[in-house]
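To keep things clear, I will list the structure first and then write my remarks on it.
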2 protein chains.
Amino acid sequence: MPDPYRTFRDELLTAGLLVPCGADGLYGRSGRFEDIVDAVGARITAAALDQDAGVIRFPPVVPRWVVERTGYHQSFPNLAGSVYSFSGDDTEHADLVGRAAGGEDWRGALRPTDVMLCSAACHPLYPSCSGVQPAGGRRYDVYGYVFRNEPSVDPARMQAFRQRELVYLGDSGGARAHRDLWVDRGLDLLGGLGLIVEPQVASDPFFGRVGRLISSSQQEQGLKIEILTPICAAEAPTAIASGNCHLDHFAEPFGIRTASGSVAHTACIGFGMERIALALLSRHGLDPGAWPLAVRDRLWA
Amino acid sequence: MPDPYRTFRDELLTAGLLVPCGADGLYGRSGRFEDIVDAVGARITAAALDQDAGVIRFPPVVPRWVVERTGYHQSFPNLAGSVYSFSGDDTEHADLVGRAAGGEDWRGALRPTDVMLCSAACHPLYPSCSGVQPAGGRRYDVYGYVFRNEPSVDPARMQAFRQRELVYLGDSGGARAHRDLWVDRGLDLLGGLGLIVEPQVASDPFFGRVGRLISSSQQEQGLKIEILTPICAAEAPTAIASGNCHLDHFAEPFGIRTASGSVAHTACIGFGMERIALALLSRHGLDPGAWPLAVRDRLWA
């Protein structure tokens, strides 16, 4: 039986929507693909007009200390990426060049730098928000590349992809309300584009034996709600957006406080931009010019 | 004497144009900053309308084998970034968590992955262009994040930034003509935004003793022409764009051939988007609403 993920990926590559980069999970995107991403982004902007959200765009790498303070390196060490580079002298460089020329592994001379790849678009936000938030909380609109070390033939499981997030910082009630509001808005927005969407309580893939307990607790508390839609396989729908209550997980380590002085809660909705584009291509076909008029109107009218 | 780079950076942070990320050379950008980047990008798009360029957007990481085949890891090992991650089991994970909890370096358990950070926006393009190019060559419009391991207080020397490139693949004459055409177009475009620009033959910072010889040879051959403008310091202008003749450096390793069957040459112009935005803010002031009308008209009319 052909692998539906590989089949869909090959169709996307053949149609020129994705461009091969020479590794599973890494692709260039054509102008046509990016037009879809940009149009969906504009719909999210329109849906967020009432949020008075501060717009920040972050680079794809973050300081290591920020990751360490969130604990991501312990909870998802297998997905996180640490950046190594060369800090040697001419002698060590000659050794590196010699190894590389001999087809050996030349990376023994590399040493860790102070940066890691960004794992979620909202992670870089929190250290810049230390201190007291206004009454009613504060909202941000962030967008950036994230990295996950999980090479896959599934085109919806890229190693590098973009997340658009609407983030809330304030009290616990405001955080939960933000999450719930944006799961509803996400369902409306994505369903309005003709996708068959359903919300589902979910959990993050915390590493290992202990991680499974944390995942299970997260699920029991209903902290994470994913918006699912079929992309390659109807029986295994893919999360294309995710609403998350973080409790004080990010606020406590970065000293983010509510107007009344207590430790804040944070929440976010994250839209997986490549996955949404792929879901639309899977649902409506590989030629956006032939998509249903109602969908085209919503995206490009 | 105050450091002009640090002073300008502080002004940008105070004005909220940049957002601190907790490390030198890493910044979030506000919506106002991104509006400048987007508007300059639209001018580049307009200048490239006659190029029939294939649009591809690449992610910020590339397969290691692509970097190895270009030799970047040997020529610029100190600037390149290799991605490491954790591939151990529960026991090794417990050790990692223990070290992290004890404030020790937890990265000993990390192993190299098969990806590196992208060092130039056009690098991921070449492996996908193997084979014969059409007569007259082929042009691409690429855009992406690049990484350089060089933390600095100079806001124009970021660790992660975006390059927009117009790339040519074809014969040697076409490559040189493309580079020269685009240096001229770059000077027109950037000068037309009120920047004081000058072209200058330049070289890349190849590593070490041997690298200095390569840099010097590159300079003698006039392969690299930078477009310079003062950002923080008039006496030390900054490169905001760069036109490069690569000879067969990228074509040979990836089997890119001309219509007549010989090894192709490639060339590119690269626009440093953050640097151009910073140059405009330095030249015209931190409030784009108060920029000269002629500049505002060109960017936003």
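Within region A:192-214, the set of residues being in contact with a strand residue (DSSP E or B) (Cβ under 9 Å, 6 or more places away or on another chain) and away from every other protein chain (no Cβ under 14 Å) comprises A:LEU195, A:ILE196, A:VAL197, A:GLU198, A:PRO199, A:GLN200, A:VAL201, A:ALA202, A:SER203, A:ASP204.
Being open to solvent by less than 20 Å² (accessible area, probe 1.4 Å), within 20 Å of the chain's Cα centre (by Cα) and either farther than 30 Å from B:SER75 by Cβ or among the acidic types (Asp, Glu) (or both) is a condition met by no residue of region A:83-90. Across region A:156-187, the number of residues qualifying as more than 13 Å from chain B (Cβ to nearest Cβ), assigned to a loop (DSSP other than H, G, I, E, B) and in contact with a Leu (Cβ under 9 Å, 6 or more places away or on another chain) comes to 1. Summed over region A:25-63, residues that are more than 7 Å from every other protein chain (Cβ to nearest Cβ) and not acidic (Asp, Glu) total 20. Here is a check on your reading of the model: is A:VAL19 assigned by TED's automatic domain parsing to the domain that holds A:SER215, open to solvent by less than 30 Å² (accessible area, probe 1.4 Å), modelled with pLDDT of 95 or more and farther than 30 Å from A:TYR168 by Cβ? Against the criterion (assigned by TED's automatic domain parsing to the domain that holds A:SER215, open to solvent by less than 30 Å² (accessible area, probe 1.4 Å), modelled with pLDDT of 95 or more and farther than 30 Å from A:TYR168 by Cβ), A:VAL19 qualifies.
The condition of being surrounded by fewer than 22 Cβ atoms within 10 Å (Cβ to Cβ) and in a loop (DSSP other than H, G, I, E, B) holds for only one of B:VAL201, B:VAL153, B:VAL210, that being B:VAL153.
In region A:284-295, the residues that are more than 14 Å from A:GLU11 (Cβ to Cβ) form Cβ pairs under 9 Å with partners that are part of a loop (DSSP other than H, G, I, E, B) and of a type in the set (Gly, Ala, Ser), at six or more places apart or across chains, as follows: A:TRP291/A:GLY194; A:TRP291/A:GLY285; A:PRO292/A:GLY194; A:ALA294/A:GLY192; A:ALA294/A:GLY194; A:VAL295/A:GLY192; A:VAL295/A:GLY194.
Look at (1) over 29 Å from the mean Cα position of the chain (by Cα); (2) more than 9 Å from chain A (Cβ to nearest Cβ) and you find that B:HIS93 fails only one, number (2). Filter region A:110-146 down to the residues that are more than 21 Å from B:ASP105 (Cβ to Cβ) and out of contact with any helix residue (DSSP H, G or I) (no Cβ under 9 Å at 6 or more places or on another chain) and list them by number. Listed by number, the residues that qualify are A:ALA121, A:CYS122, A:LEU125, A:SER128, A:CYS129, A:SER130, A:GLY131, A:VAL132, A:GLN133, A:PRO134, A:ALA135, A:TYR145. Applying the criterion of being free of Cβ contacts under 8 Å to residues at least 40 places away in the same chain and more than 7 Å from chain A (Cβ to nearest Cβ) to the residues of region B:73-90, the residue that is farthest from A:PHE147 (Cα to Cα) is B:ASP89.
The single residue among B:ARG43, B:ARG69 that is surrounded by fewer than 19 Cβ atoms within 10 Å (Cβ to Cβ), in a helix (DSSP H, G or I) and in contact with a Pro (Cβ under 6 Å, 6 or more places away or on another chain) turns out to be B:ARG69.
Specify which of the listed residues (A:ARG107, A:ARG138) is of a type in the set (D, E, K, R) and at the interface with another protein chain (Cβ under 8 Å from one of its Cβ atoms). So the residue among A:ARG107, A:ARG138 that is of a type in the set (D, E, K, R) and at the interface with another protein chain (Cβ under 8 Å from one of its Cβ atoms) is A:ARG107.
The values are calculated or read from the model by the stated rules, or taken from the named source; none is laboratory data. Every value quoted in this text rests on a predicted model; they were computed, and no experiment measured them. Neighbour counts are summed over all protein chains in view; Cβ atoms, including those assigned to glycine, are modelled from backbone coordinates with ideal geometry. Heads up: the accessible areas ignore ligands, DNA and RNA and are worked out on the full protein's heavy atoms, side chains in. Shrake-Rupley method; radii C 1.70, N 1.55, O 1.52, S 1.80 Å.
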